[in-house]
1. State all residues of the range 91-105 that are in contact with a helix residue (DSSP H, G or I) (Cβ under 6 Å, 6 or more places away or on another chain) and at pLDDT 75 or above; if no residue qualifies, say none.
2. Among the residues of the range 162-179, is any more than 30 Å from residue 53 (Cβ to Cβ) and not in a helix (DSSP H, G or I)?
3. List every residue pair whose Cβ atoms lie under 9 Å apart, where the two residues are 6 or more positions apart in sequence or sit on different chains, the first residue falls within the range 31-43 and is within 19 Å of residue 3 (Cβ to Cβ), and the second residue, located anywhere, is of a type in the set (Lys, Arg) and in a helix (DSSP H, G or I).
4. Residues 64, 58: which one is in a helix (DSSP H, G or I), aliphatic (A, V, I, L, M) and more than 30 Å from residue 105 (Cα to Cα)?
Amino acid sequence: MSSRIEQLMDEIEEYIESCKYRMMSKTEIIVNKDEIDELLRELRMRTPDEIKRYQKVISNKEAIINDARERAQALIDEATAQTTELINEHEIMQQAYAQANEVVTMATRQAQEILDSATIEANSLRAAATEYMDDVLSHMEEILTSSIQTATSNYDTLIANLTHYRNIIQSNRSELRPVEDEDILDEPLETEQFQPEDGE
């Protein structure tokens, strides 16, 4: 059964796949900000709980090993008790000691096997949980990197469009006041002075 965080990542991927491409583009898509924000918000809320759950799995390693130690100690204690009974009940002390040592040796070997098996199992669980969380976080990193790249591309496109429109406006203003008209207006006007004729 998949976790909620995996389901959320699948939903985000499905949502991105369902988005329409922008006109004249095969890489840029149009997303609904509220929908994608809602999915990302739940993803952020779920991630800490998911990580805690797998940290708990990892921490169970110590519990498994402790349980194995307790079972091993119980076997050793039982063997010791049997040894005491053998010594007390048998008349031949050497035979009693031999049997007791054999029981202790067998119990110790079984205890070591249990402890080794528990350690291997705990390490396997820890490795699997660590690998899974690394995969989850890697997937999240890829999604966020893609989102950042898309946002950066959209921002660069907006700046380019605004710059283009500003240049058009500047060109239009220049056309309203050609350079020739400004030069004519700046030249001083020549006025004819009245000269009286002779005899006047």
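1. 99, 100, 103, 104
2. Yes - at least one qualifying residue is present in the range 162-179.
3. 42/4
4. On the way: 64 fails: more than 30 Å from residue 105 (Cα to Cα).
Result of the check over 64, 58: 58.
The values are calculated or read from the model by the stated rules, or taken from the named source; none is laboratory data. These numbers come from a predicted model, not from an experiment. In this analysis, Cβ positions are derived from the backbone assuming ideal geometry, glycine residues included, and neighbour counts consider all displayed protein chains.
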